[in-house]
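All remarks here apply to the structure that follows.
The values are calculated or read from the model by the stated rules, or taken from the named source; none is laboratory data. The shown structure was predicted, so the numbers you read here are calculated from the model rather than taken from an experiment. Note that each Cβ is placed from the backbone with ideal geometry, even for glycine, and that neighbours are counted across all protein chains shown. All accessible areas refer to the heavy atoms of the entire protein, side chains included, with ligands and DNA or RNA removed. Shrake-Rupley method; radii C 1.70, N 1.55, O 1.52, S 1.80 Å.
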Amino acid sequence: MKRVSWLALCGLLTVWGCKGTERFSLSIQFPDDSAKEAAQTVTIYSLLPAEGSECLALMSGTVVPGDEGYPVEDEVSISKPATKSSTPLSLGEAGPRLFYAEGFDQDGKIFLKGCESIDWTGDGPNEVVISLRLWGQSCDQDIDCDDGLYCTGDETCVNKICVPGWRECDDNDPCTVDVCNEEQDRCDHDPVTEWQEEGPAGDQSCSDGLDNDCDGFTDAGDTDCTTCGSDAECDDSDPCTDDRCEAGACVNDPITTGCGCGLPPQSASLSCQDPVSLQVSDTSRCSLLVSGGDNSDLENCISCTARVGVSVVDVSDFADGAGACDLDGWTLVTGNNCRDRVENCAIGGGPKSCCDDFSTICDTATFGQPVLRTELNANCGGGVEQWRLQKSFDLGGLTSPWLCFDTAGNQALASSGILVLVEDGQNAAEQVYCQNAMPRAEVDDFLYTSCVDLPAWAAGSPDTRLTFIGHSEGAAESLYLDNITVRGWGGGCARDVVSLLDEEFGGCDLGAWTVSGATNCQSTGCSNQTGWLPGVFGDGGSFSLQRTLDISSIDAELVVCLRLGSDQPAAADSVVLSYHDGLAYQEAWRQTGKLGPDGSCAEVCLNLSERYPGLHRQPSLDIRVEVDSTGAVGIFGVGVSGARFCDAPPSVVDIQSPPSGDGAGNYSFDVVDAQGRQLTTVVRCQIDNLPNLDASGTIRFQSQ
């Protein structure tokens, strides 16, 4: 509910037996703009309630200020417009208060009421907010008065007039902040974050009967109020404080980690339902398994947070899981809706018949995995140049969407190509990608990844349609397509991609790298990318470059790009990219054979996050590039980048707290996509704030 503050009062509060005087503020909040405009006068009362007196009686109208049990300590009326010169409320001794307000319309009738119960002990609060409620509306039954809010209590219809309800959250504990939690339909009693000092011995705070410092001990029972001669005398029986004796006074500093939850467990792992179809549910069930140590009764020691960022909308690998091809929801265009030419990225000629026989497009042999192929001799049995593949996506709630896919070729010339079009109900088809001929000249049957941004108008579009065109002009010319992925930034998180490394080997400096094998620096080759020179080459044999990166801030899209080239390329040449998983190096990518034409260079990028999501948020990650060549293969640059997510508030991702435990180390909780919009969230749980007891899991809430 939108609440609008109309006025604020500041008064002088005399605190009995504490500090003398303190400033406090009193604010009025209206239920909406119309109520704010209709209110002509607001009267505010400070009442000294007798035992059993409560706000509900005032809100229902069964009592009024001044009745027995509700004596008026002070009152002030403010008429529109409010001015800073309004007379302040003046309060006397500490004790319980009812702050009660009535709002009057232009006819002088009460139509707003609000009340707050405060137990003023001398420690605060310094701010009081009275939320006004509509009062006196006509009705026939209770449901006519229901505003649908938990924190306003149960409204009733009495004598054809709506009587506001009331939700009492005051737990009479001055060491908690009592707040009604509308989102969770409950009262929250969070520990205060600021408190008074208690002690040293002999101070008035050691004999006032109050727990001034909110540590659970009062006066002589508090070590702050006793003198000491040793650390043992300062033991407050609280395992979460560091107890010691300093200069005859006890000091009990809080311990913030590894405390209060018994013997720390040895490990924790988190698993969550993933993915979640928003067409079925907005909730993922998560399970946290805690092993070793005291792993039971940890409900209040587990804290979980959520981060949002890159959302994966769709992944198509065209595999059915059994070695055969599958369209993965894509459709082939039928009829005379294809064209005769794609040379120079210009679609023209025709119209001509499209190949729509999926069995002739599917290729499971060339790469040992299902891929799509366009080949004049094979499309629809031969003689058909082009097929078109289409699929629509809901990009609602996403910004900065982009598309990645793998392509390869075999003997394809410039008249053949792979093209991508994008359109929606409001925007005509726009070409966003074109590859004529091979993705890398003279390299047959090797898949390279390409990524392209979708048009700005595609962000948030619920019906974005992608069209892939596969065109083969010559009889033996083949082009391949695989691994189409659509992504965007969700959960209200703006695009945040950072560069972790941009190594150009300027001046042939290898100081930041660990080098194995003999190398030399050359400014030859790369005739098509002279700005990349120089490069690091092997001196007549193999070599490797290794470097450690800090990726502790990275949540996704860990991309490594290699700038490669060769002089006198040979079939035995190879380049390998590996990463260290903590035990050994694991191969992430390998290209064997010619890297391309003699003297030319190309950049190859690999998204490690797609293959190894567990690499994220590590303080150190070792990567290694290995080169083995009979010719001369050079590394002309290495780039690494990653995406950072942002914290998700409960209004975006709501995590049940505390989790439910079974007494044997198993804890479960729900994670809710609060807005029901597609997003990817990383949930992270810690036990007692111990860094080594940190478990995380990824949940994809998908609209399709």
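For the range 329-356, enumerate the residues that are over 22 Å from VAL432 (Cβ atoms) and without any contact (Cβ under 8 Å) to a residue 24 or more places away in the chain. Those that are over 22 Å from VAL432 (Cβ atoms) and without any contact (Cβ under 8 Å) to a residue 24 or more places away in the chain: THR334, GLY335, ASN336, PRO351. Tell me which residues, restricted to the range 175-204, are surrounded by fewer than 16 Cβ atoms within 10 Å (Cβ to Cβ) and of a type in the set (D, E, K, R). Selection gives GLU182, GLU183, ASP185, ARG186, ASP188, ASP190, GLU194, GLU197, ASP203. Looking at the range 656-676, which of its residues are over 30 Å from VAL498 (Cα atoms), open to solvent by 40 Å² or more (accessible area, probe 1.4 Å) and either of a type in the set (Ser, Thr, Tyr) or not in a strand (DSSP E or B) (or both)? Scanning the range 656-676 gives GLN656, SER657, PRO658, SER660, ASP662, GLY663, ALA664. Residue pairs whose Cβ atoms lie under 6 Å apart, separated by 6 or more positions or on different chains, with the first residue in the range 43-62 and at pLDDT below 90 and of a type outside the set (Ser, Thr, Tyr) and the second open to solvent by 20 Å² or more (accessible area, probe 1.4 Å) and part of a loop (DSSP other than H, G, I, E, B), are CYS55/TRP166; LEU56/TRP166; ALA57/VAL63; MET59/TRP166.
Across the range 386-403, which residue is nearest to GLN435 (Cα to Cα) among those that are outside any loop (DSSP other than H, G, I, E, B) and open to solvent by 10 Å² or more (accessible area, probe 1.4 Å)? Per the stated criteria, the residue is ARG388.
Which of the residues that make up the range 518-532 are open to solvent by 30 Å² or more (accessible area, probe 1.4 Å) and either within 26 Å of SER620 (Cα to Cα) or in contact with a strand residue (DSSP E or B) (Cβ under 7 Å, 6 or more places away or on another chain) (or both)? Result: ALA518, THR519, ASN520, CYS521, GLN522, THR524, ASN528, GLN529, TRP532. Keeping to the range 502-511, report how many residues are within 21 Å of CYS605 (Cα to Cα) and open to solvent by 60 Å² or more (accessible area, probe 1.4 Å). Count: 2.
Can you tell me how many residues within the range 228-241 are open to solvent by less than 80 Å² (accessible area, probe 1.4 Å) and either part of a loop (DSSP other than H, G, I, E, B) or touching a helix residue (DSSP H, G or I) at 6+ places or on another chain (Cβ under 6 Å) (or both)?
Residues that pass the stated criteria total 7.
Comparison of SER400, SER415, SER450 shows that the only residue that is over 41 Å from the mean Cα position of the chain (by Cα) and of a type in the set (Ser, Thr, Tyr) is SER415.
Of the strands (runs of 3 or more DSSP E) lying entirely inside the range 283-330, those containing at least 1 residues that are closer than 19 Å to SER269 by Cβ and open to solvent by less than 50 Å² (accessible area, probe 1.4 Å) are 283-291, 302-308. Of the residues screened, ARG244 is one that is charged (D, E, K, R), touching a residue at least 12 places away in the same chain (Cβ under 8 Å), outside any loop (DSSP other than H, G, I, E, B) and more than 30 Å from CYS493 (Cα to Cα). Reported count of residues in the range 341-365, each being in contact with an Asp or Glu (Cβ under 7 Å, 6 or more places away or on another chain) and part of a loop (DSSP other than H, G, I, E, B), is 2. When the range 162-174 is limited to residues that are touching a residue at least 40 places away in the same chain (Cβ under 8 Å) and open to solvent by less than 20 Å² (accessible area, probe 1.4 Å), the one that is nearest to GLN137 (Cα to Cα) turns out to be VAL163. Touching a strand residue (DSSP E or B) at 6+ places or on another chain (Cβ under 7 Å), touching a residue at least 24 places away in the same chain (Cβ under 8 Å) and in a strand (DSSP E or B): does that describe ARG547? Taking the combined requirement at face value, the residue satisfies it. Does TYR433 satisfy the criteria of being hydroxyl-bearing (Ser, Thr, Tyr), without any contact (Cβ under 8 Å) to a residue 40 or more places away in the chain and either out of contact with any strand residue (DSSP E or B) (no Cβ under 8 Å at 6 or more places or on another chain) or not in a loop (DSSP other than H, G, I, E, B) (or both)? Criteria met by TYR433. Examine the range 638-655 for a residue that is under 23 Å from the mean Cα position of the chain (by Cα) and part of a helix (DSSP H, G or I), and state whether such a residue exists. Checking the range 638-655: not a single residue is under 23 Å from the mean Cα position of the chain (by Cα) and part of a helix (DSSP H, G or I). Any residue at all in the range 150-161 that is open to solvent by less than 40 Å² (accessible area, probe 1.4 Å), in contact with a Cys (Cβ under 6 Å, 6 or more places away or on another chain) and in a strand (DSSP E or B)? So far as the range 150-161 goes, yes, one or more of its residues are open to solvent by less than 40 Å² (accessible area, probe 1.4 Å), in contact with a Cys (Cβ under 6 Å, 6 or more places away or on another chain) and in a strand (DSSP E or B).
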